[in-house]
1. Could you count how many residues in the range A:39-72 are within 11 Å of ligand 1 (Cβ to nearest atom) and among the charged types (D, E, K, R)?
2. Against the condition in contact (Cβ under 8 Å) with a residue 12 or more places away in the chain, loosely packed, with under 14 Cβ neighbours inside 10 Å, within 14 Å of another protein chain (Cβ to nearest Cβ) and within 11 Å of ligand 1 (Cβ to nearest atom), how does A:Gly95 come out, does it pass?
3. Looking at (1) closer than 25 Å to B:Gln25 by Cα; (2) of a type in the set (Asp, Glu); (3) open to solvent by less than 90 Å² (accessible area, probe 1.4 Å), which one does B:Glu111 not meet, given that it meets all the others?
4. Go through the range A:46-69 and report how many residues are within 14 Å of chain B (Cβ to nearest Cβ), touching a residue at least 40 places away in the same chain (Cβ under 8 Å) and open to solvent by less than 20 Å² (accessible area, probe 1.4 Å).
5. Please verify whether A:Ile130 is within 14 Å of ligand 2 (Cβ to nearest atom), touching an Asp or Glu at 6+ places or on another chain (Cβ under 7 Å) and under 22 Å from A:Arg75 (Cβ atoms), treating the condition exactly as stated.
6. Counting just the residues of the range A:103-118 that are under 16 Å from A:Glu89 (Cβ atoms) and more than 9 Å from ligand 1 (Cβ to nearest atom), which one comes out most open to solvent (accessible area, probe 1.4 Å)?
7. Evaluate the following for A:Ser72: is it away from chain B (no Cβ under 11 Å), away from ligand 2 (no atom under 15 Å from the Cβ) and over 24 Å from B:Leu221 (Cα atoms)?
8. Please work out which one of (1) within 11 Å of ligand 1 (Cβ to nearest atom); (2) within 14 Å of the chain's Cα centre (by Cα); (3) at the interface with chain B (Cβ under 10 Å from one of its Cβ atoms); (4) not hydrophobic (A, V, I, L, M, F, W, C) is the condition A:Glu79 fails and give its number.
Amino acid sequence: MQVQSSQSISVRTSEDVVAVRQLVRKGSLLLGFTIVDQTKIVTASSELARNLLIYGGGGVAIVEIVQNGGRSGLRLTFEDQGPGIPDIELALRDGYSSGTGMGLGLGGAKRLSHDFEIDSAPGKGTRVSIVRWKAL
Amino acid sequence: MPTSQLARLLQNSFDQLLAEWKSSQFATVGRRLSASDENTLSANSREFLTLFRQGLETAEVQDQQAPGWAPIREFLVALSASRAKEGYTPSETASFVFSLKEPLFKLLSGEIKDPVELNREIWNLSRGLDRFGLLTMEAYQKSREEIIARQQREMLELSTPVVRIWDNILAVPLIGTLDSNRTQVIMESLLEAIVSTRSDIAIIDITGVPTVDTLVAQHLLKTVAAARLMGADCIISGVRPQIAQTIIHLGVDLSAVTTKATLAGALQVALQRTGAAIVKGHGAGR
Ligand SMILES: Nc1ncnc2c1ncn2[C@@H]1O[C@H](COP(=O)(O)OP(=O)(O)O)[C@@H](O)[C@H]1O
Ligand SMILES: [Mg+2]
């Protein structure tokens, strides 16, 4: 997978979450995503950026335009040095929230993207990466 | 020099001091003052000098908390508040008190011959006036903050108009990002409006909301539930196809809520439910 361009935003406030959404929307427009694809990836980014802020205590969001075998897509990576997720399977379960949320963000982001990777351990922080490919 | 003597000196040279202070203020403000601004400034200056002289009769300049200074403190707070409202800059506001130093010290140096005593008097007065200046700035700052907070509240209200579009039917068009602060205000004003208009149906239009994530969905569902407790049903309109698809992928269950793609569609449902209907027909005048 080749990275064509990369931009990052530090996420410390809820205004930064808005900025992440705007950057993701810009990237998906640049790639010529359909309105449905745009909406899906922007919404996924909103979920992950907010988790980064609320549970991770802030971190960085990286937005990349990537290519793989003639396909192009948008890769979003969210990294924090927060408390980490003790039980990833539980965190991904629909309806589970350790806070006051609906518990649908992590699972929802996974369903809204094509590739989904999560790397997290207690005390180590959390890194979530998703890709949505442009429809051919 | 005892403060009572200073008070007497101020009394005897009152007019001259006032004139000099006013002209140095006009100079520091730097911009052209309207006739009414000039009048206000003259009146303010006269009042301050009078209060200052009266204060000196009973209180030490250094002892700012003395009861004798209460009137001047009140006066300065009120003056700063009105200057903040009228758009005076911070330095214009601060210079009101500070610009009194020069003419006042000039007056003192004409009066006190002993340089050591003169120095001490100037130092004392200077510290006292500095404190009045700081009080002025604090009050100015506080008023500015109040003005900004009020404007923010007004904007929050402005951005969430609850409109009565029909007998018993309310509509709230939501526009922009729904950060929790605003959503709270929207929810409250919608619920209040439901009660005050005795409406049965509220249409929440999200056409202007670019992203509906789980946080927005949660706020919407809470609003719908609260409205239901008040006896009103909600219809969510502006659920475009891409939003509907995304909500389903998120796993949010909106099946308990009536949703419509357009505001017109929602209005139609609302009218049917309330028993009213729009009938196509000829205009009344024809
Ligand atoms: N970056 C993160 N750091 C630590 N914990 C996280 C992070 N992201 C998600 N989690 C955990 O996963 C849970 C589920 O997340 P999510 O599905 O988005 O639901 P919600 O945000 O509504 O709680 C969260 O309640 C939290 O415990
Ligand atoms: Mg979440």
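1. 2
2. Judged against the criteria, A:Gly95 is not a match.
3. Status for B:Glu111: all satisfied but (3).
4. 3
5. yes
6. Across the range A:103-118, the extreme among qualifying residues is A:Glu117.
7. So A:Ser72 fits the description; yes.
8. The single condition A:Glu79 does not satisfy is (3).
The values are calculated or read from the model by the stated rules, or taken from the named source; none is laboratory data. Not measured: the values here are computed from a predicted model. Neighbour counts are summed over all protein chains in view; Cβ atoms, including those assigned to glycine, are modelled from backbone coordinates with ideal geometry. Note: accessible area is taken over every heavy atom of the protein model, side chains too, but ligands, DNA and RNA are not part of it. Shrake-Rupley method; radii C 1.70, N 1.55, O 1.52, S 1.80 Å.
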